[in-house]
1. Do any residues in the stretch 135-156 that are over 16 Å from Leu76 (Cα atoms) have Cβ atoms under 8 Å from those of residues that are surrounded by 12 or more Cβ atoms within 10 Å (Cβ to Cβ) and not hydroxyl-bearing (Ser, Thr, Tyr), where the two are at least six apart or on different chains, and which pairs are they?
2. Counting residues that are under 20 Å from Leu235 (Cβ atoms) and of a type in the set (D, E, K, R), which helices (runs of 4 or more DSSP H) fully inside the stretch 269-373 reach at least 1?
3. Looking only at the stretch 84-140, count how many residues are at positive phi and at pLDDT 90 or above.
4. Looking at Trp68, is it part of a strand (DSSP E or B) and either out of contact with any Cys (no Cβ under 9 Å at 6 or more places or on another chain) or more than 18 Å from Ser41 (Cβ to Cβ) (or both)?
5. Go through Arg280, Arg289 for me and flag whichever is within 19 Å of Ile346 (Cβ to Cβ) and charged (D, E, K, R).
6. Please go through (1) crowded, with 18+ Cβ neighbours inside 10 Å; (2) at pLDDT below 95; (3) in a helix (DSSP H, G or I) for Arg172 and return the number of the only condition it doesn't satisfy.
7. Assess whether Ile216 counts as being in a loop (DSSP other than H, G, I, E, B) and aliphatic (A, V, I, L, M).
Amino acid sequence: MAKELNESVKEVKAVDDEETTGVETTNQPYDARLITIENTSFPIFQIMSKIQREEINLQPDFQRHFVWDNIRKSRLIESILIKIPLPSFYIDAINDDEWLIVDGLQRLNTLNEFINKKELVLTSLEFLDKEVAGLTFDKLPRLLQRRLEETHLSFFVIRPETPTEAKLTIFRRLNTGGLVLTSQEIRHCLFQGKSTTLLKELAKSDEFLAATGGSIPTLRMVDEECVLRFCAFHLTKYQSYTKPDLDVFLGDAMKLINKMCDMEIQSLMTAFIDSMLKAREVFGDYAFRKMYEKNGRRNPINKALFETWSVSLNGFDIELLRKHKEKINVFFIELINSDRYFDTSITQGTGDVKKVHYRFTFVESIIKKAIIQ
C-alpha cells in the first residue's frame, strides 16, 4: 500500500531528529543502593554450555541487522589464541537460568559459531595464518582447542533485583566498543513478552505503513518506538503524564502490556489500526509531519506529532474527521507557523511534562474547533 503514495512529493529524510530531555529532571528516580551488579568470570567452555542449554539468548531482534563478517570473526578467535584479553561482557540476568546479552552479542555469536556449531572457517588472520587458516574448531590441534575452552571471559551481570529504571540508565551509559543500543532496543531487551510481539506486529501492519508512507526505518526499532508511543499515551492519558522521563514512561507501558489479557491486547490493536486509518484520511501523505503550507514540501515523520495526532484522532468519529479534514489541515498549518512554543514542544525537550500537555491540548483543540465551526 505504501508504494502507491504520491512519489512526486519532495522529502528529505525519514524521521525528525528529536531531543526528549528538557529542563525538567527527576531528583532521584530510583534508590541506587538497590543496584546489584556482579563482576565475575567464566571459562569459555562453560559459556558455550549455557548457550547450548539456551540459558543465554543469542537472538535478540534489536541486533538482527548487525552481523560480523568472517574476517572479523576469525580475528576474534585469533585474539584469544594469542592471549589478547577481550573486553568485558554485560548481561541482564532475567533470572539464574536466563541471560540477555546487553553488550558483547557478536563476540558470543562468533564463539558459538566456531566452537559449538563448528561452522566458522578461520580466514585472513594476522599472526596465525600459516598455522590455522582454513581450519574449523574440530580441526585445530587439541592444545589450541583447550586454550580457547579454558580462557576466562569477564562478565558484569546485572542481577534481577536491580530496578528497571536503573537498568535503563546502565544500558544507556554502556559504550565498550560494541553496538550502542537505542532506547527502544534497551526496552526491547528489558520487557520481552506480549509487548514486544505486539509492537512488531503493528509496525508491519498495512495501515501503519500506509499512514507513514513506509518511511519509518525498521533499523534500530524506530518504527516500533512510534507504535509504542501511541500505546503508551492511549493506555495512560497525557493528563496523567507527570514525570519528565519519557523513557521510563514508555517502559512502564511495555510492562503494562505484558500483563494484559488477549482481549485487552486486541482492543489496543484495534485502536491503533483505527488511528492509522484516520490519520491517513485526514492528512494523506503528510500525516505526522510538520506542515507549513498546503501541498508544500513533505517534512520527515515527527515522533512527538505521531503520538499526539494518533492518540487524539482516536477519540473522534472517522466520518466527522473526513467531513472537516480541510479545516483541520488549515488550523494545523496556522498553529505550526504562529506558535513557536508548539514547534519547540515537538522538537526539543519533548519529554517535558509541560510540553507533552501543551502539544496534546492544542492538537485536541484543533480537531474540536474544526468540527464545531
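1. If the second residue must be surrounded by 12 or more Cβ atoms within 10 Å (Cβ to Cβ) and not hydroxyl-bearing (Ser, Thr, Tyr), the pairs left are Asp138/Lys118; Phe155/Phe42; Phe155/Phe89; Phe155/Ile91; Phe156/Ile37; Phe156/Phe89; Phe156/Ile91.
2. Of the helices (runs of 4 or more DSSP H) lying wholly inside the stretch 269-373, those with at least 1 residues that are under 20 Å from Leu235 (Cβ atoms) and of a type in the set (D, E, K, R) span 303-313, 353-372.
3. Going through the stretch 84-140 one residue at a time, the tally reaches 3.
4. Taking the combined requirement at face value, the residue does not satisfy it.
5. Among Arg280, Arg289, only Arg289 is within 19 Å of Ile346 (Cβ to Cβ) and charged (D, E, K, R).
6. (1)
7. Against the criterion (in a loop (DSSP other than H, G, I, E, B) and aliphatic (A, V, I, L, M)), Ile216 qualifies.
Yes or no, residue by residue, for (1) acidic (Asp, Glu); (2) surrounded by fewer than 20 Cβ atoms within 10 Å (Cβ to Cβ):
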site: Asn95; (1), (2): no, yes
site: Glu113; (1), (2): yes, yes
site: Leu122; (1), (2): no, no
site: Leu128; (1), (2): no, yes
site: Pro141; (1), (2): no, yes
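The values are calculated or read from the model by the stated rules, or taken from the named source; none is laboratory data. Bear in mind the structure is a predicted one, so any value in this text is a computation, not a measurement. No Cβ is skipped: glycine too gets one built from the backbone with ideal geometry, and neighbour counts run over all protein chains shown.
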